[in-house]
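Taking it in order: structure first as structure tokens, then the write-up.
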Amino acid sequence: MADDLSTFIAQSPLCSTHEHTEIDSFYQEARHDILTHLFDNYVIHDLYSAGATSQSIEALLDVSNPDIGSRFSAVETAWQHIKMGGFAEAVRLAAFELFEIENITSESLKKASAGTNLVGGPGERLRLLRDVANLDHVQVDPGRRPLPLEMIGQTFFHYDLNVFDLCNGTPELSELTEITGEEVDSLRTLALSIEKLLEGSHKYVVALKSQHAYKRTLEWTERSDDEAASALTSWLRLGANISEADRLCLGDWCTSYVAKLAAKYNLPFKLHTGLYGGNNFMDLKYIPAGSLSRLVSRHPDTRFLLMHIAYPYSDELIAMAKHYNNVAVDMCWAWSINPIHATDFVQRFIHGAPVNKLFIFGGDALTPAATVGYALQARRWLTRCLRREVTEGFLSEKSGVDLAGFLMMDNPKDYFDVAAKSAALLAAGSDTTLREAGSNPFRNRTRSIRNSGRS
Ligand SMILES: [Zn+2]
């Protein structure tokens, strides 16, 4: 029989603090079918790791081929090998929730495909996230700027402002100029342009976000304006041929400048730490959360939110959150990477660091069907985790429910000031001058989030 704790976690709305949910027009254009709903997500990286070929994975996701059975059977051997893994578990949960499939086979997929109305139509994206996954809101990292026009006038989809190019030391200057009207030809004008970018966007976005750990070390070094000016000159002259030393220098300077503005505008600064999505290119030296200690010490007034529990360097992340009052932890992606590790992490965290610095869920997914699976998975393992705490006598049933509610809803809503951001998005929706203003931070996006061209 269901107990209070599992009933609460299963039924409570949940905030998702990190997704890459596709913009609606691109979502509808993709014409999703059962196989993309279920497999167009991180599970393909486990399939590849298990031996599936890239051609078979590409074919699996090819919606132009209606032969569901043969598309799946080409990866079925690899699927058998990864079935126990976290990515596959989320697929199995979504398959049951969305298609009533108990056991994923070519036959069950074919049968469910014939009867489903989930074909990527209008309204489906929101319905899956809000009504099926029962999410309170989602925070979308759109991969690159500008912010999509569709974010204004609604309150479910919140957005991060992505600053990867700045932190990576490869600032996209023409795009910055387009948004801010500021021509960048010196460090002073670069600073002005970044300032204008934040000035125009800060009211509407929930956070700043960078995933530069995919392209460089998280290790940060203080750089003088003179050093950064010289590195910027190289970037202006050489572009992608900039030396590694100059790129790191410019990236460090920009990261610090952005961190300063994050404090000024009270925006959390989300940083990717830990495991890479994809296969065969991870540099383990780049990703430990502890590499950020110099940066977070240098900016004590900036709230840093370190993502993905820095898998596998999770204990040092707990030490960071314990020691630094400006460091918090986002479990986005963590349950699906490895649910056993994530469960263990939550227990270690709540017995080691303040719980108001723990954010419990983000599916980190492009498709809403994937987020449905990841949300079910997070609910399932959070229940197991807190049930263990109750059984071992650390929490009463009632305090377990209270803690779950705090982690799932109250804490993220408070930390990201979601009510104020929602009010700003609604106000922007009815502000007709904003739509026309050249300097407004929103644009009709011509590129999908999938093809944002960044890690
Ligand atoms: Zn992400």
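The values are calculated or read from the model by the stated rules, or taken from the named source; none is laboratory data. All of these numbers come straight from a predicted model, not from anything done at the bench. Cβ placement follows ideal geometry from the backbone for every residue including glycine, while neighbour counts extend to all protein chains displayed. To get the accessible areas, we keep the full protein, side chains included, count just its heavy atoms, and leave off ligands, DNA and RNA. Shrake-Rupley method; radii C 1.70, N 1.55, O 1.52, S 1.80 Å.
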Evaluation of A207 against (1) within 16 Å of the ligand (Cβ to nearest atom); (2) modelled with pLDDT under 95; (3) small (G, A, S) (one fails), failing number: (2)
Out of A240, A310, A289, A262, which single residue is of a type in the set (G, A, S), crowded, with 20+ Cβ neighbours inside 10 Å, away from the ligand (no atom under 16 Å from the Cβ) and touching a residue at least 12 places away in the same chain (Cβ under 8 Å)? A262
Conditions (1) in contact (Cβ under 8 Å) with a residue 12 or more places away in the chain; (2) assigned to a loop (DSSP other than H, G, I, E, B); (3) surrounded by fewer than 21 Cβ atoms within 10 Å (Cβ to Cβ); number of the one not met by T446: (1)
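Just to verify a result, which residue in segment 264-283, among those that are aliphatic (A, V, I, L, M) and either closer than 19 Å to V418 by Cα or in a loop (DSSP other than H, G, I, E, B) (or both), is farthest from the chain's Cα centre (by Cα)?
Looking only at segment 264-283, we keep the residues that are aliphatic (A, V, I, L, M), and these are 267, 271, 275, 282.
Pick out the ones that are also either closer than 19 Å to V418 by Cα or in a loop (DSSP other than H, G, I, E, B) (or both) and you get 267, 275, 282.
Working: L267: 16, L275: 13, M282: 18 Å.
The selected residue is M282.
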Kindly provide the set of residues from segment 138-181 that are of a type in the set (V, I, T) and closer than 17 Å to A428 by Cβ, ordered by number. V140, I152, T155, I179
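Quick check, is D301 away from the ligand (no atom under 16 Å from the Cβ), touching a helix residue (DSSP H, G or I) at 6+ places or on another chain (Cβ under 7 Å) and either assigned to a loop (DSSP other than H, G, I, E, B) or not aliphatic (A, V, I, L, M) (or both)? Steps first, answer last, please.
Values: away from the ligand (no atom under 16 Å from the Cβ): yes; touching a helix residue (DSSP H, G or I) at 6+ places or on another chain (Cβ under 7 Å): yes; either assigned to a loop (DSSP other than H, G, I, E, B) or not aliphatic (A, V, I, L, M) (or both): yes.
When the stated conditions are applied, D301 passes them.
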Please state which one of S256, S224, S210 is assigned by TED's automatic domain parsing to the domain that holds S293, of a type in the set (S, T, Y) and without any contact (Cβ under 8 Å) to a residue 24 or more places away in the chain. S224
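Suppose we keep only residues that are assigned to a loop (DSSP other than H, G, I, E, B) and away from the ligand (no atom under 16 Å from the Cβ) within segment 323-354. Which one would you say is most open to solvent (accessible area, probe 1.4 Å)?
Start the filter on segment 323-354 by keeping residues that are assigned to a loop (DSSP other than H, G, I, E, B), which leaves 324-326, 331-333, 338, 351-354.
Among the residues that remain, those that are also away from the ligand (no atom under 16 Å from the Cβ) are: 324-326, 338, 351-354.
Working: Y324: 45, N325: 135, N326: 11, N338: 46, H351: 108, G352: 20, A353: 12, P354: 60 Å².
This residue is N325.
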Considering segment 136-154 alone, what residues qualify as being more than 16 Å from the ligand (Cβ to nearest atom), within 18 Å of the chain's Cα centre (by Cα) and modelled with pLDDT of 95 or more? D136, H137
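Within segment 275-285, work out how many residues are farther than 19 Å from I44 by Cβ and crowded, with 19+ Cβ neighbours inside 10 Å. I'd like the intermediate steps shown before the answer.
Let us first name the residues in segment 275-285 that are farther than 19 Å from I44 by Cβ, namely 283-285.
Now drop any that are not crowded, with 19+ Cβ neighbours inside 10 Å, which leaves none.
Matching residues across segment 275-285 total 0.
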Checked pairs for segment 394-414, first on the phi > 0 side of the Ramachandran plot, second open to solvent by less than 10 Å² (accessible area, probe 1.4 Å) and part of a helix (DSSP H, G or I), C-beta under 6 Å and 6 or more apart or across chains, list as none
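Listed residues L395, L366, L425, L376; which is open to solvent by less than 30 Å² (accessible area, probe 1.4 Å) and not polar (S, T, N, Q)?
Numbers: L395 fails: open to solvent by less than 30 Å² (accessible area, probe 1.4 Å); L366 fails: open to solvent by less than 30 Å² (accessible area, probe 1.4 Å); L376 fails: open to solvent by less than 30 Å² (accessible area, probe 1.4 Å).
Going through L395, L366, L425, L376 in turn, the sole match is L425.
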Only residues in segment 1-29 that are within 16 Å of L118 (Cα to Cα) count as the first member; pair them with residues that are more than 16 Å from the ligand (Cβ to nearest atom) and in a helix (DSSP H, G or I), Cβ under 7 angstrom, at least 6 apart or cross-chain, and list the lot. D24/R125; D24/E150; Y27/R125
Just for segment 9-22: of the residues that are under 17 Å from P142 (Cα atoms) and open to solvent by 10 Å² or more (accessible area, probe 1.4 Å), which one is nearest to the ligand (Cβ to nearest atom)? H20
Quick check on segment 404-421. Is at least one of its residues more than 21 Å from the chain's Cα centre (by Cα), among the hydroxyl-bearing types (S, T, Y) and open to solvent by 10 Å² or more (accessible area, probe 1.4 Å)? no
Flagged pairs (Cβ under 8 angstrom, 6 or more apart or on separate chains; first in segment 356-372, outside the structural domain of N411 (by TED's automatic domain parsing); second near the ligand (Cβ under 9 Å from one of its atoms)) are none
